[in-house]
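Trainee: My structure is below; once you've seen it, I'll send some questions.
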Amino acid sequence: MKNMFKSGKIELIDLLPVISLVVLVIIFGITSGGGLFQSFNIQSVIRDSIPVILGGLGVIFVIATGGCDLSIGAVAAVAATVGAYYGSQYGAVWTIIIALLIGLASGIFLGFIVSRCHVSSFMASLALLMGLRGFLNVCNVTWQQVYLPESLLVINQFGPALAITVILTAIIVFLFEKTSFGYYCKGMGENENTMKSIGVNTAKVRHCAFIVSGIMAAIMGLLLISSTGGSSSTLGNFMEMKVQMGVFLGGVLVSGGMRSKIYKLIFGSLSITVIVNGLTISGASSSITELAEGLILMLILFLTIQMSDHAHWLDIFKKKNKEEIEEIEETVA
């Protein structure tokens, strides 16, 4: 049954994230006069991509099912802020524990609303985003100053941050590519009714997908607050959109499905960071940077959709030809 949606051939759409990143690096390498290729800027691109990758490693489970989670930026900010506040009083380890528990709780709550109450994932996650942003403002006003324990500032350094990302990526790749849970997430994006017909509890799978997304959002929040040293009302602002852009720039379809791949997320996250950093190094203003991000995203999404449709019709054509050949062979026999 697991071969139902699989294809052993590499298609152009699967190479699109790699090609896109190479093209972007060449373009901004030229416009920046080679500045992008300096070791400091290369390290900066990788470092700035890490929170996007971490957030994407969770949200890709939700996207694979055909849903979306717009709450991850707010979840990250609240988890990191509350964790830092109590961790500064009772010990750094409590920062991690509390942040992860908040991420877990938000995932359980949002997953319940979407999977059990049948509320649109877009509306439910948007409502949670707004509610948590309000709660974050209350926390910052009440507590005035929230700082991350000094012992945890080390995770903002390039080496530890990269090591954390590599380890978590390996775990998520196994979960997403090698387990039934990951396969069911992608299968639901292809055809949820088919998954139900073979006995898959799709509500449970979707619920678990949001839980993974919430936990990874909390980890993303810890990386974000370590870069600033403390909380603010703007912590994690628009990270949900940046993560979504990274996922879609990598060629993952909005509808999810079997073409959802971790490597696409990683290349997409690097691409969006190259765009932002490349424009900055090239001397572009913030307004030009935002405009360029939007235009490039629309272009990549258009190409992805076109290539996906082409691949879909090609599969149908090949299947039809195969059936005709089999009929001819049966007639001859």
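Trainee: Return yes when Ser71 is among the hydroxyl-bearing types (Ser, Thr, Tyr) and in contact (Cβ under 8 Å) with a residue 12 or more places away in the chain and no when it is not.
Mentor: Answer is yes for this residue.
Trainee: Of the residues that sit in the stretch 162-188 and are of a type in the set (A, V, I, L, M, F, W, C) and without any contact (Cβ under 8 Å) to a residue 12 or more places away in the chain, which one is farthest from Ile46 (Cα to Cα)?
Mentor: Here the answer is Phe174.
Trainee: If Val82 satisfies all but one of (1) surrounded by fewer than 24 Cβ atoms within 10 Å (Cβ to Cβ); (2) under 26 Å from Phe248 (Cβ atoms); (3) not small (Gly, Ala, Ser), what's the number of the condition it fails?
Mentor: Going through (1) surrounded by fewer than 24 Cβ atoms within 10 Å (Cβ to Cβ); (2) under 26 Å from Phe248 (Cβ atoms); (3) not small (Gly, Ala, Ser) one by one, Val82 breaks only (2).
Trainee: Right, next: Anything in the stretch 140-149 that is in a helix (DSSP H, G or I) and touching a residue at least 40 places away in the same chain (Cβ under 8 Å)? List them, or say none.
Mentor: Selection gives Asn140, Trp143.
Trainee: Considering each residue of the stretch 169-193, count those that are touching a helix residue (DSSP H, G or I) at 6+ places or on another chain (Cβ under 7 Å) and either crowded, with 19+ Cβ neighbours inside 10 Å or among the hydroxyl-bearing types (Ser, Thr, Tyr) (or both), and give that number.
Mentor: Counting residues in the stretch 169-193 that are touching a helix residue (DSSP H, G or I) at 6+ places or on another chain (Cβ under 7 Å) and either crowded, with 19+ Cβ neighbours inside 10 Å or among the hydroxyl-bearing types (Ser, Thr, Tyr) (or both) gives 10.
Trainee: Give the stretch 111-160 a look and list any residue that's surrounded by fewer than 18 Cβ atoms within 10 Å (Cβ to Cβ) and in contact with a strand residue (DSSP E or B) (Cβ under 7 Å, 6 or more places away or on another chain), or say none.
Mentor: Answer for the stretch 111-160, where residues must be surrounded by fewer than 18 Cβ atoms within 10 Å (Cβ to Cβ) and in contact with a strand residue (DSSP E or B) (Cβ under 7 Å, 6 or more places away or on another chain): Gln145, Tyr147.
Trainee: Here's something else I'd like to know. Mind telling me which of the residues Ile281, Ile275, Ile305, Ile266 ends up being at pLDDT below 75, of a type in the set (Val, Ile, Thr), surrounded by 10 or more Cβ atoms within 10 Å (Cβ to Cβ) and out of contact with any Cys (no Cβ under 7 Å at 6 or more places or on another chain)?
Mentor: Ile305
Trainee: Given the options Met188, Met258, Met195, Met241, name the one that is of a type in the set (A, V, I, L, M, F, W, C), within 16 Å of the chain's Cα centre (by Cα) and in a helix (DSSP H, G or I).
Mentor: Testing whether each residue is of a type in the set (A, V, I, L, M, F, W, C), within 16 Å of the chain's Cα centre (by Cα) and in a helix (DSSP H, G or I) leaves just Met241.
Trainee: Just one of Leu54, Leu110 is in contact (Cβ under 8 Å) with a residue 24 or more places away in the chain, touching an Asp or Glu at 6+ places or on another chain (Cβ under 8 Å) and not β-branched (Val, Ile, Thr); which is it?
Mentor: None of the other options fit; the residue is Leu110.
The values are calculated or read from the model by the stated rules, or taken from the named source; none is laboratory data. Everything numeric here is computed off the predicted structure, so don't read it as measured data. Every residue, glycine among them, receives a Cβ derived from its backbone with ideal geometry; neighbour counts consider all protein chains shown.
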